[in-house]
Amino acid sequence: YHEEDLIDFTPELRKEAIAIANQYVRGPMYTATTRVIEGGTKGTWVNPGYGGGSNWNGAAFDPVTGMMFVPTKNQPMIASLTPANSKLTNYDYVRATTVTVQGPRGLPVVKPPWSKITATDMNKGEHRWSKAIGPAPESVRNHPDLKGLGLDFSTMGYTSIRPSPLVTKSLLFMGESGSLSGDPGGEMFRAYDKASGKVVAEIALPAKSTGAPMTYMHKGKQYIVIAVSTRQHAAELVALALPQKGKARKPTSTVTASPAPVAAVNTAVSSGDVNNGRRVFASSCALCHGQRGEGIESAGPPLTNLTDMEKVLRIVTKGGVNMPPMQTMLTGEQIQDVSAFVIERLHQK
């Protein structure tokens with residue numbers, strides 16, 4: 001933790017960011033996880049958080065130059081402990097629900113860039129350059145407290161994105177959105193000069209990228225292909241190539257399918273006590289997924305499209321991407337009840 005990392009767009013926002021940080025135990029790297037204390041601290045500040053700096057979206061390595069290109073995101077989270085349920089474990093404490101630190105007035109709590117890609121010379125152990133990945137998100141660009149300040153939003157980087165890079169003989173390629181459908185970010189695909197980080201080309205994709213780009217040759221022509229999808233855009237592959245002389249550049253999609261129809265709700269498993277599930281959801285799930293299951297950017301995905309009770313039970317019990325296994329915190333009855341609430345009350349029919 002370094003206090004100089006907190007946002008300082010205005011003195012008021014800076015003061016509020018410091019007040020938020022003061023709720024947690026802060027210290028140097030490897031500061032231990034701490035208990036949530038009623039009326040006291042709420043756990044240990046972890047920066048850049050469980051989901052970053054780098055994550056399993058990976059990196060790109062150039063064996064010719066020995067350069068490694070690593071996308072990272074900067075998003076503090078809280079590591080905390082809570083008293084264990086003696087019926088579930090003989091531990092005194094278990095990991096509490098992961099909390100992403102929310103900054104003042106809906107802004108990130110730390111300074112930009114909130115995402116960047118860094119080139120590192122692996123032969124010398126030196127960083128060569130860093131570049132923000134995209135602009136600030138729309139919620140920041142249009143924030144009323146930032147209007148008229150003359151800020152350069154183009155160099156701030158999207159929040160909570162996990163893109164994957166591809167390096168070739170001369171260029172570095174990367175999107176500006178997540179490695180999972182539903183992650184934040186934008187639809188731009190960029191080519192960078194791998195020696196300097198300068199953006200040499202930008203191409204708007206039909207939807208946000210959801211995978212790593214790859215390259216191949218066909219009949220003497222090189223193509224770059226990348227997967228895209230959102231909840232409103234069917235998953236597809238988009239192939240890019242340099243245009244033939246005299247022809248306009250245009251992304252080529254592999255499919256033209258419309259979004260799949262919403263599946264019928266599967267309530268074959270016992271529905272459980274929905275009212276109790278509502279209470280469990282409010283105390284254990286809403287912080288990351290929203291009070292109505294609408295999802296919270298950079299914290300948890302929306303839950304309004306879930307239809308399969310067995311799948312929900314499995315995810316709640318065993319956990320998932322950036323989600324702890326709730327079987328360490330909830331009883332079997334509570335898991336059944338909250339799963340029933342998600343299916344029967346949050347599903348948008």
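Every number in this text was worked out from the coordinates using simple rules, so none of it is lab data. Computed from a predicted model, the values in this text were never measured in an experiment. Using ideal geometry, Cβ is built from the backbone for each residue, glycine included, and neighbour counts are taken over all protein chains shown.
At-a-glance table
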quantity	calculated
Packing-based exposure ordering (other Cβ within 10 Å, fewest first) of His143, His218	His218, His143
Segment Arg105-Thr89, length gained on full extension (0.36 nm per residue, minus Cα span)	1.9 nm
Of Gly277, Trp129, Gly295, farthest towards positive along the dipole that unit charges on Lys, Arg, Asp, Glu beta carbons give the chain	Trp129
Cα-based equivalent ellipsoid of the chain: semi-axis lengths in Å, sorted from largest, via gyration tensor	37, 28, 19
Amide hydrogen neighbours beyond the local backbone of Ala201, cut-off 5 Å, H modeled	Ala191
Amide proton proximity set for Ser80, modelled H, under 5 Å, gap of 5+	Thr44, Ala96
Partners for Lys87 among lysines (Cα-Cα distance below 20 Å; same-chain residues under 8 apart left out)	Lys318
With Cα atoms, 0 to 90° folded angle of helix 11-21 axis to the chain main axis	60
Debye intensity ratio in log₁₀ form over the Cα atoms of the stretch 274-346, taken at each q of 0.18, 0.28 Å⁻¹	-0.59, -1.62
For the stretch 125-243, the fraction of alpha-carbon pairs in successive 10 Å shells from zero, as %	13, 41, 32, 12, 2, 0
4 °C / 1.567 mPa s Stokes-Einstein diffusion coefficient of the stretch 171-233, Kirkwood radius on C-alpha pairs, µm²/s	105
Neighbour-count ranking [beta-carbon atoms within 10 angstrom, fewest first] of Leu287, Leu330	Leu287, Leu330
Anisotropy class of the stretch 5-52 from Cα gyration tensor, a/c 1.5 cut	oblate
C-alpha long axis of helix 274-284 to longest principal axis of the chain, angle in °	60
For the chain, calculated [θ]222 nm from helices alone, where every DSSP H run of n ≥ 4 adds -39500 (n - 2.57)	-4000 deg cm²/dmol
Residue exposure sequence - Lys219, Lys124, Lys42, Lys131 - by fewest surrounding Cβ within 10 Å	Lys219, Lys124, Lys42, Lys131
Given charges at beta-carbon only (K, R positive; D, E negative), |dipole| of the stretch 3-253 in Debye	860
Under the Karplus curve 6.51 cos²θ - 1.76 cosθ + 1.60, θ = phi - 60°, whole-Hz ³J(HN,Hα) for the stretch 185-197, x wherever Gly or Pro sits	x, x, 9, 7, 10, 10, 10, 10, 5, 6, 7, 10, x
Diffusion constant of the stretch 24-105 at 10 °C, which comes from Stokes-Einstein with the Kirkwood Cα-pair radius and 1.306 mPa s, µm²/s	106
Lys221/Gln23 FRET efficiency (R0 51 Å; Cβ-Cβ; nearest 0.05)	0.35
Computed FRET value (nearest 0.05) for Glu138 with Thr331, which takes r as the C-beta separation and R₀ as 51 Å	0.80
Built amide H within the under 5 Å cut-off of Ser177, gap 5+	Gly186, Ser209
